[in-house]
Amino acid sequence: MSLFFNEKFMENNAKGQFTKIDIEPGFCVLTANNDLSHSQVYTHDLDRSLIQFHFTLKGISKLVFNKGNYILTNNEDCSLLLYNPQRDLPIWLELDPSTWAVSVVISIKKFHALFSTESDYISFLSDENVDKKYYQDGQISPSMAIILNQLMHFNLNASIQKLYFKGKVYELLSHYFNRNVDGNVEQCPFLVDASNVAKIKKAKDIIINHMTEPPSLQELSEMSGLSLRKLKEGFKQIYGTSVYQFLFDYKMEVARRLLESGDSNVNEVGLRVGYSTASHFISAFKKKYGTTPKKYIMSVSS
């Protein structure tokens with residue numbers, strides 16, 4: 001399978017990001033983060049042997065088919081499963097402003113092997129349906145939202161990314177096909193309440209939008225409508241890290257992309273992500289990436 005995308009979407013702009021992780025042949029994860037003020041599009045060529053899972057965590061995404069004659073809208077906190085063994089079904093995904101989405105693509109052979117002893121449970125895997133197209137929409141459960149956010153916001157050594165993503169996707173699929181018994185979210189029971197998940201997402205949006213002058217934890221808890229304890233526990237559960245560690249990682253990612261763009265010098269980049277002095281920014285960047293901003297610029301431009 002080959003990947004094509006809107007050129008503007010791949011500009012070095014930290015508010016418009018696209019990531020493709022190839023886990024194995026016929027198995028990949030695509031994450032898209034469009035925090036821009038206008039829509040963005042990416043396309044992905046697929047053949048008919050592949051199943052598509054599309055999840056919209058935030059905003060609205062649209063899957064466009066047949067040159068725009070057929071459109072499936074995937075709203076916030078919703079999912080779509082698509083499979084058509086009769087024809088190729090390339091992805092053309094349009095993301096509205098402020099939209100986050102995750103797509104999982106896996107071959108029918110590999111997917112069938114996951115459920116080989118329970119194929120009757122997954123309706124479109126049965127022998128009589130093997131040549132039939134399949135479509136299913138649904139809601140993203142709280143436990144699925146946790147995994148999807150972890151896929152969107154990961155901080156891992158490149159050598160273990162594939163292993164991490166493979167494990168997370170398998171976990172995601174297990175929840176996807178077991179939603180009737182999704183009443184317990186381990187370690188964080190209050191997240192069973194979807195409104196609390198939304199409040200955690202709101203807290204994340206607040207610190208991103210105010211990354212140069214972030215609120216205190218107490219202020220953030222009041223702004224998001226959560227107690228301080230639930231804010232800390234919920235943020236850790238969904239994003240896998242503390243509020244301020246998440247903010248630090250986000251700021252460093254923004255800084256890295258700004259440096260790559262070449263439009264700003266080190267001092268300007270530091271100011272844009274909230275560091276009043278160049279020395280503090282350089283120290284933070286080195287802590288995150290193990291090198292100084294100047295050396296990083298030299299490494300990517302060489």
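The values are calculated or read from the model by the stated rules, or taken from the named source; none is laboratory data. Bear in mind that the values here come from a model prediction, so they are computed numbers and not experimental data. Using ideal geometry, Cβ is built from the backbone for each residue, glycine included, and neighbour counts are taken over all protein chains shown.
Which residue pairs have Cβ atoms closer than 8 Å, lie 6 or more positions apart in sequence or on different chains, and pair a first residue in region 153-176 that is closer than 25 Å to residue 247 by Cβ with a second residue that is exposed (fewer than 15 other Cβ atoms within 10 Å of the Cβ)?
Close Cβ pairs satisfying both conditions: 164/156.
Hey, among 281, 285, 235, which residue is in contact with a Lys or Arg (Cβ under 9 Å, 6 or more places away or on another chain), surrounded by 13 or more Cβ atoms within 10 Å (Cβ to Cβ), at pLDDT 90 or above and not polar (S, T, N, Q)?
285
Scan region 105-122 and give yes if some residue there is at pLDDT 75 or above and either in a loop (DSSP other than H, G, I, E, B) or under 16 Å from the mean Cα position of the chain (by Cα) (or both), otherwise no.
Yes, the conditions are met somewhere in region 105-122.
State whether one or more residues within region 222-234 are farther than 20 Å from residue 149 by Cβ, in a helix (DSSP H, G or I) and among the hydroxyl-bearing types (Ser, Thr, Tyr).
No: region 222-234 contains no residue that is farther than 20 Å from residue 149 by Cβ, in a helix (DSSP H, G or I) and among the hydroxyl-bearing types (Ser, Thr, Tyr).
Looking at 29, 102, 64 in this structure, which one is assigned to a strand (DSSP E or B), modelled with pLDDT of 80 or more and over 21 Å from residue 150 (Cβ atoms)?
So the residue among 29, 102, 64 that is assigned to a strand (DSSP E or B), modelled with pLDDT of 80 or more and over 21 Å from residue 150 (Cβ atoms) is 64.
Taking residue 172 as the residue in question, decide whether it is of a type outside the set (D, E, K, R), modelled with pLDDT under 80 and under 18 Å from the mean Cα position of the chain (by Cα).
no
Please work out which residue is farthest from the chain's Cα centre (by Cα), limiting yourself to region 200-229 and to residues that are modelled with pLDDT of 90 or more and closer than 19 Å to residue 141 by Cβ.
Among those that are modelled with pLDDT of 90 or more and closer than 19 Å to residue 141 by Cβ, it is 202.
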